[in-house]
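The values are calculated or read from the model by the stated rules, or taken from the named source; none is laboratory data. Everything numeric in this text was worked out from a predicted model, so none of it was measured. Note that we place each Cβ from the backbone using ideal geometry, even for glycine, and neighbour counts take in every protein chain shown. Side chains are part of the model used for accessible areas, which takes the heavy atoms of the whole protein and leaves out ligands, DNA and RNA. Shrake-Rupley method; radii C 1.70, N 1.55, O 1.52, S 1.80 Å.
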Amino acid sequence: MKIIMLGAPGAGKGTQAKMIAEKYGVPHISTGDIFRANIKNGTELGAKAKEYMDKGLLVPDELVVDLVIDRFKEPDCKNGYVLDGFPRTIPQAEALDKALSAIGETIDYAINVEVPDENIVKRMSGRRACVGCGATYHIVYNPTKEDGKCDTCGAELILRDDDKPETVLNRLKVYHEQTQPLINYYEAKGVMKEVDGTVDMKDVFAAIVEILGE
Ligand code: AP5
Ligand code: MG
């Protein structure tokens, strides 16, 4: 099962992708998490990506595409994967299609988690991200059992550098300009599905399970 998560920054792509990965036994591949891990480990890729991420801009396509295409050739992807944060531009989607068609595969579902811009800024300031495993929490909507510590791996939680309100507004602008056109792109391919992302996260997930099947 090959799934793409679409949606504005903070729509809940990561939250839902994690649940999908657990239920359907496929890896969750988040380009944002990959970049954040690189930043944390002080790699060259991390240093390059950080310049763009901190401004709320997209990392250039050439730094992203090969990274994802190499990743989904790994053995754990043999039954599929859930892509979170990729593709994010039409050229990325085209590169993905090209790489998939070379091995006779296609995407099964693109799921758009729909949340209006007004809800997003409010959500982001309450988000906390785990520096260890990338898990995402919210101080009100999805708190951890122990304050400041990840439920899954026990690592420290942080407020992401790009979750400051002014950066969030920029990320939303970039989303509307460069990523939203992917909705039409996948609609034309007949794989586009939409869920309401403003309801409780369990109900968002239930709507996704309805699409993907039990
Ligand atoms: P990335 O990490 O992908 O960030 P994003 O797309 O901006 O999305 P977020 O991770 O912020 O939000 P999300 O939709 O995953 O929401 P979440 O589940 O956390 O990318 C970061 C940066 O990396 C980009 O800006 C770019 O610079 C770069 N980048 C990454 N991929 C790239 C690519 N392919 N090309 C170029 N550049 C790339 O939820 C948000 C919060 O809301 C959480 O606190 C959560 O607990 C809460 N929440 C979730 N669902 C609900 C709900 N139903 N009700 C209430 N609260 C909820
Ligand atoms: Mg995310």
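Tabulated data
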{"read-out": "Single residue of the stretch 140-162 satisfying the filter (under 23 Å from ASN38 (Cα atoms) and within 8 Å of ligand 1 (Cβ to nearest atom)) that is most open to solvent (accessible area, probe 1.4 Å)", "value": "ARG160"}
{"read-out": "Matching option when the condition is in contact with a Lys or Arg (Cβ under 8 Å, 6 or more places away or on another chain), surrounded by 12 or more Cβ atoms within 10 Å (Cβ to Cβ) and not charged (D, E, K, R), among ALA129, ALA95", "value": "ALA129"}
{"read-out": "Residue in the stretch 157-168 that is at pLDDT 95 or above and either among the charged types (D, E, K, R) or more than 18 Å from THR15 (Cα to Cα) (or both) present", "value": "no"}
{"read-out": "Cross-chain or 6+ apart pairs with Cβ under 6 Å, the stretch 13-37 first and farther than 13 Å from THR136 by Cα, then more than 8 Å from ligand 1 (Cβ to nearest atom) and of a type in the set (Asp, Glu)", "value": "PRO27/ASP76"}
{"read-out": "Wholly enclosed helices (runs of 4 or more DSSP H) of the stretch 59-129 bearing at least 3 residues under 15 Å from the mean Cα position of the chain (by Cα)", "value": "61-71"}
{"read-out": "The stretch 1-58 - residue that is within 11 Å of ligand 1 (Cβ to nearest atom), of a type in the set (Ser, Thr, Tyr) and in a helix (DSSP H, G or I) and, of those, farthest from GLU210 (Cα to Cα)", "value": "TYR52"}
{"read-out": "Qualifying residues in the stretch 1-31 (those that are of a type outside the set (A, V, I, L, M) and closer than 15 Å to ALA206 by Cα) - the one most open to solvent (accessible area, probe 1.4 Å)", "value": "GLU22"}
{"read-out": "Qualifying residues in the stretch 1-28 (those that are within 30 Å of LEU169 (Cβ to Cβ) and among the charged types (D, E, K, R)) - the one nearest to the chain's Cα centre (by Cα)", "value": "LYS13"}
{"read-out": "Search result, residues across the stretch 183-199 that are under 27 Å from TYR137 (Cα atoms) and out of contact with any Phe, Trp or Tyr (no Cβ under 8 Å at 6 or more places or on another chain)", "value": "ILE183, GLU194, VAL195, ASP196, GLY197, THR198, VAL199"}
{"read-out": "Qualifying positions in the stretch 98-120 - surrounded by 15 or more Cβ atoms within 10 Å (Cβ to Cβ) and of a type in the set (A, V, I, L, M)", "value": "ALA99, LEU100, ILE107, ALA110, ILE111, VAL113, VAL115, ILE120"}
{"read-out": "Residue count, the stretch 128-161 (criterion: on the phi < 0 side of the Ramachandran plot, of a type outside the set (A, V, I, L, M, F, W, C) and in contact with an Asp or Glu (Cβ under 6 Å, 6 or more places away or on another chain))", "value": "3"}
{"read-out": "Subset of the stretch 32-55 (residues that are open to solvent by less than 20 Å² (accessible area, probe 1.4 Å) and either hydroxyl-bearing (Ser, Thr, Tyr) or within 14 Å of ligand 2 (Cβ to nearest atom) (or both))", "value": "GLY32, PHE35"}
{"read-out": "Filter result for the condition that a residue is under 15 Å from the mean Cα position of the chain (by Cα), open to solvent by less than 50 Å² (accessible area, probe 1.4 Å) and over 23 Å from LYS202 (Cα atoms), over TYR137, TYR175", "value": "TYR175"}
